[in-house]
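For reference, the structure is listed below as C-alpha cells.
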Amino acid sequence: MAGGGAPAKADEPQPHPPKEQLPNISYCITSPPPWPEAILLGFQHYLVVLGTAVIIPTSLVPQMGGGNEEKAKVIQTLLFVAGLNTLLQSLFGSRLPAVIGGSYTFVPTTISIILAGRFSDTSDPIERFKRIMRAIQGSLIVASTLQIVLGFSGLWRNVARFLSPLSVVPLVSLVGFGLYEFGFPGVAKCVEIGLPQLILVVFVSQYMPHVIKSGRHVFDRFAVIFSVVIVWIYAHLLTVGGAYDHKAPRTQISCRTDRAGLIDAAPWIRVPYPFQWGAPSFDAGEAFAMMMASFVALVESTGAFVAVSRYASATPMPPSILSRGVGWQGVAILISGLFGTVNGSSVSVENAGLLALTRVGSRRVVQISAGFMIFFSILGKFGAVFASIPAPIIAALYCLFFAYVGAGGLSLLQFCNLNSFRTKFVLGFSVFLGLSVPQYFNEYTAINGYGPVHTGARWFNDIVNVPFSSEAFVAGCVAYFLDNTLHKDSSVRKDRGKHWWDKFRSFKGDNRSEEFYSLPFNLNKYFPSV
C-alpha cells in the first residue's frame with residue numbers, strides 16, 4: 001500500500017477515557033443502601049473516627065495534668081462534637097458524605113499552649129488541666145473566625161475558582177500520602193497485633209471478594225468490622241494469656257487491651273455541654289498561632305473535600321459549594337472551642353479513605369455514623385469499650401485509608417497532559433518540595449526540640465513552623481502558585497485539565513448547581529463532549 005502509515009490493528013487497545021465521576025461506586029451521595037447495611041456501614045465509620053478521637057486526647061491530656069477521668073471526658077466531648085459537626089456539614093455545608101472530626105494539624109499549636117510558662121505556677125494538676133483547656137478553647141474560638149469569614153463571605157470561592165486538576169493533584173495526594181508517619185510507625189509499636197491487622201484487612205477487602213463470589217459485596221464492604229473484631233479478640237487473648245506481663249511499659253500501653261484506663265474512668269451517662277471546663281481565656285499570640293493552624297487545616301480540608309467528592313461519585317465541586325463547606329467547617333471549630341475538645345476540627349482523611357474501600361458514598365451512611373458518635377459519647381461506659389481498641393489496629397487501617405486518599409489525588413492526572421513539560425515541572429516540583437520542606441522542619445525539631453524559626457515569641461514560631469511542617473499545605477500552595485503564574489495559553493488550559501472542571505462552574509448561582517455536584521448524571525445530556 002503506497003503512502004501513509006500502516007492502519008491500526010482492529011484489536012489495538014484504546015486509552016481509558018477520563019471520567020469526571022468514578023463509575024464503580026455502588027451507592028452515591030443521594031442513593032442510600034438498605035437500612036441494615038447502612039447501619040453497619042455507619043458503625044464502620046464510627047470505628048474509624050475513633051482513632052483520632054482517642055489518640056489525640058490520650059497524647060495531650062496527660063501533658064495538661066489530667067488523669068484518666070479527664071481523658072475519658074475529653075474523648076466523649078470530641079466524639080459528641082464530631083457527630084454534631086458531621087450532621088451540620090452533611091445537612092447545611094458541602095452536603096458531601098464527609099466526616100468532620102479531630103485534626104492532627106492543630107496538635108503542634110496546642111502543645112505550644114500546654115508548654116506556656118504561665119501555667120507552671122499551678123500545683124494542682126486538675127486545676128492546671130482546666131486552665132490550659134480554657135486557654136485552648138479561647139484560641140480555637142478566635143481561630144474559627146478565619147474559616148467562617150473566608151467561607152461564608154465567598155472569598156474562598158474566589159480562590160477555588162483558579163484550582164485546576166493539575167494544582168489539586170499534589171494537594172490531594174499529600175493529604176493522604178503525607179500522613180505516612182501515622183501508618184506503619186504506629187503498626188510497629190506492637191507489630192504482633194498491627195501487622196496481622198494490616199494483612200487481614202487487605203486480604204478480606206481485596207482477595208476474599210474474588211475467592212468467594214457471593215455477589216453481595218460482604219467482604220469488601222465490611223472488611224473493617226471483620227478484621228478489627230478478629231484481631232481485637234486475638235490481642236485480648238495475648239493480654240489475658242500473660243504475653244505482655246513482663247514487657248516494658250510502652251509496649252504494654254500499645255499492645256494490651258486493658259491498659260487504656262477508659263472503661264473504669266468513663267461515666268455511665270454524661271452529656272457534654274459548652275463551657276464545661278469554665279469560661280475560655282484569651283491570649284492574642286496563641287490566637288494568632290491557632291489561626292494559622294486553622295488556615296493550614298483549611299487548605300488540607302480543601303483537598304480532603306475533593307477526595308470525598310471523588311469517592312462519593314460526585315461531579316467536581318462548584319467553588320460556591322466548597323466555600324460553603326469551609327464556612328461550616330469554621331463553625332465546627334467554633335463548636336470545638338465552645339465545648340472544649342482540646343483540638344480543632346477538619347475533614348477526616350481516614351473516613352474519606354473508607355469511602356473508597358467500601359465504594360459507598362451515601363450521605364445517609366455518614367449521618368448514621370454521626371448518630372453513633374453522639375450515642376456512644378453520651379453512654380460513656382459503652383463507648384469506652386470501643387475506644388479501648390489498641391492503637392496499632394487503628395494504625396493498620398490508616399495504611400489503607402491514607403493510601404486510597406493519596407491515590408484519589410493521583411487519579412486526577414487523567415485530566416492533565418502528562419506529555420507537557422509544564423505539567424511535569426508543576427507536578428514534580430510541588431510534590432518534591434511538599435515532601436522535602438516538611439522533612440527539614442520535622443528533622444530540625446526532632447534534633448533541637450524546637451523548629452527552625454526560634455524566637456522569643458512562641459506564637460510567631462508556630463505561625464511559621466506549623467504550615468511548613470505540613471506536606472499537603474506546602475505542596476498545594478506551590479502547585480497553586482506555579483499553575484496560575486507560569487505562562488498560559490489556549491493549549492495550556494487543556495494541559496492543566498481546566499476545561500474539564502470549568503463546565504461545572506458555569507452553573508454558579510443556578511438552583512440546579514446542587515444537583516450537578518451531588519447526583520450522577522449523563523454528561524452528554526447537559527454538555528457537548530470535550
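The values are calculated or read from the model by the stated rules, or taken from the named source; none is laboratory data. Bear in mind that the values here come from a model prediction, so they are computed numbers and not experimental data. Every residue, glycine among them, receives a Cβ derived from its backbone with ideal geometry; neighbour counts consider all protein chains shown. Keep in mind that these areas ignore ligands, DNA and RNA; they rest on the heavy atoms of the full protein, side chains included. Shrake-Rupley method; radii C 1.70, N 1.55, O 1.52, S 1.80 Å.
Label positions at LEU155 and ALA116, each projected 7 Å from the Cα along the C-beta direction, are separated by 2.4 nm. A prolate overall shape is assigned to the stretch 218-287, the ratio a/c of its alpha-carbon gyration tensor axes (a ≥ b ≥ c) being 1.5 or greater and a/b exceeding b/c. Inter-label distance, PHE460 to ARG493: 4.6 nm, where each label sits 7 Å from its Cα along the C-beta direction.
Shape call for the stretch 323-392 from the C-alpha gyration tensor, a ≥ b ≥ c root eigenvalues: rounded (a/c under 1.5), prolate (a/b greater than b/c) or oblate?
On the way: a/c = 1.69, a/b = 1.07, b/c = 1.58.
Oblate, because a/c is 1.5 or more while a/b does not exceed b/c.
For LEU486 and LEU237, what is the calculated FRET efficiency with R₀ set at 60 Å and r taken between the beta-carbons, to the nearest 0.05? Step by step, r from the Cβ atoms, then E = 0.55. Tell me the mean residue ellipticity at 222 nm calculated for the chain from its helices only (DSSP H runs of n ≥ 4, each -39500 (n - 2.57), averaged over every residue, nearest 500). One gets -20500 deg cm²/dmol as the mean residue ellipticity at 222 nm.
Would you kindly calculate the mean projected area, averaged across all directions, of the convex hull enclosing the Cα atoms of the stretch 35-84, in square nanometres?
Numbers: hull surface 14.7 nm².
Directional mean of the projected Cα hull area for the stretch 35-84 stands at 3.7 nm².
Can you bin the stretch 1-157 into rounded, prolate or oblate? Criterion: square roots of the alpha carbon gyration tensor eigenvalues sorted a ≥ b ≥ c, rounded for a/c under 1.5, prolate for a/b above b/c, oblate for the rest. It is prolate, given that a/c is not under 1.5 and a/b is the larger ratio.
The stretch 412-464: which chymotrypsin sites (Phe, Trp or Tyr not before Pro) are DSSP loop and have at most 14 other beta-carbon atoms within 10 angstrom? Walk me through the intermediate numbers first.
Values: sites: PHE415, PHE421, PHE425, PHE429, PHE432, TYR440, PHE441, TYR444, TYR450, TRP459, PHE460; in loops: TYR450.
Filter output for the stretch 412-464: TYR450.
Pairs from the table (LYS19/LYS488; LYS71/LYS130; LYS19/LYS213; LYS71/LYS381) lying more than 22 angstrom apart at Cα are LYS19/LYS488; LYS19/LYS213.
Taking the longest Cα principal axis of the chain as reference, the axis of helix 471-485 is set at about 30 degrees. Derived scalar couplings between HN and Hα for the stretch 145-160 equal 5, 4, 6, 4, 5, 4, x, 6, 7, x, 5, 6, 4, 5, 5, 5 Hz in order, rounded to whole Hz, by the Karplus curve 6.51 cos²θ - 1.76 cosθ + 1.60 (θ = phi - 60°), x for Gly and Pro. Per-residue 3J(HN,Hα) values for the stretch 280-293, derived from phi via the Karplus relation 6.51 cos²θ - 1.76 cosθ + 1.60 with θ = phi - 60°, read x, 10, 10, 9, 4, x, 5, 5, 5, 5, 5, 5, 5, 4 Hz in sequence order (x marks Gly and Pro).
Here the translational diffusion coefficient of the chain follows from Stokes-Einstein with Rh set to the Kirkwood radius across Cα pairs; for 10 °C and 1.306 mPa s it amounts to 66 µm²/s. Against the longest principal axis of the chain, how steep is helix 421-448, in degrees 0 to 90 to the nearest 10, with axes from Cα atoms? For helix 421-448, the angle is close to 10 degrees.
If you take the beta carbon distance between HIS16 and VAL453 as r and set R0 to 51 Å, what does 1/(1 + (r/R0)^6) give as a FRET efficiency, to the nearest 0.05? Write out the running numbers ahead of the final one.
Details: r = 46 Å, r/R0 = 0.90.
With a Förster radius of 51 Å, E is 0.65.
What aspartates and glutamates could a cross-link reach from LYS424, if we take a straight Cα to Cα line under 13 Å and drop same-chain neighbours fewer than 8 places away? Counting by Cα, and skipping residues close in sequence, LYS424 has these aspartates and glutamates nearby: ASP483, ASP495.
Remark on the stretch 94-208: Rg and Dmax equal 20.5, 58 Å (Cα only). Shape analysis of the stretch 143-281 based on the Cα gyration tensor places the equivalent ellipsoid semi-axes at 37, 29, 17 Å, largest first. Surface listing: LEU166, LEU338, LEU482 arranged by accessible area from highest to lowest gives LEU338, LEU482, LEU166, probe 1.4 Å. Angle between the Cα long axis of helix 319-339 and the longest principal axis of the chain, 0 to 90 degrees, nearest 10? Rounded to the nearest ten degrees, it is 0. Summing Cβ point charges (Lys, Arg +1; Asp, Glu -1) relative to the Cα centre of the stretch 368-505 gives a dipole of roughly 460 debye.
Determine the order of THR445, THR110, THR105 by accessible area, beginning with the largest, at a probe radius of 1.4 Å. Working shown, then result.
Working: THR445 60, THR110 0, THR105 20 Å².
Largest accessible area first, the residues go THR445, THR105, THR110.
A cut-off of 5 Å between modelled amide H atoms, ignoring neighbours fewer than 5 places along the same chain, links SER345 with ILE333. Taking 0.36 nm per residue of sequence separation and removing the Cα-Cα distance, the GLU443/SER59 pair yields an extension gain of 136.2 nm.
With just the Cα atoms defining each centre, how far is the stretch 459-478 from the stretch 396-444? Give it in Å. Each part reduced to its Cα centre gives a spacing of 16 Å. Taken over the Cα atoms of the stretch 96-155, the convex hull encloses 107 Å³ per residue. Note on the stretch 263-390: Cα-only Rg and Dmax are 17.0, 48 Å.
Within the stretch 151-230, which chymotrypsin sites (Phe, Trp or Tyr not before Pro) sit in a loop by DSSP and count at most 12 neighbouring Cβ atoms inside 10 Å? Before the final figure, lay out the partial values.
On the way: sites: PHE152, TRP156, PHE162, PHE177, TYR180, PHE182, PHE203, TYR207, PHE219, PHE222, PHE226; in loops: PHE162, PHE222.
In loop regions of the stretch 151-230 (DSSP not H, G, I, E or B), the sparsely surrounded chymotrypsin sites (Phe, Trp or Tyr not before Pro) are PHE162.
Consider all pairwise Cα distances in the stretch 181-260 and report the whole-number % of them above 20 Å. The answer is 40 percent, as a whole percent.
The string of couplings for the stretch 296-311 from the Karplus curve (6.51, -1.76, 1.60, θ = phi - 60°) is 4, 4, 4, 5, 5, 5, 4, x, 5, 4, 4, 5, 5, 5, 5, 7 Hz, one whole number per residue in order, with x for Gly and Pro.
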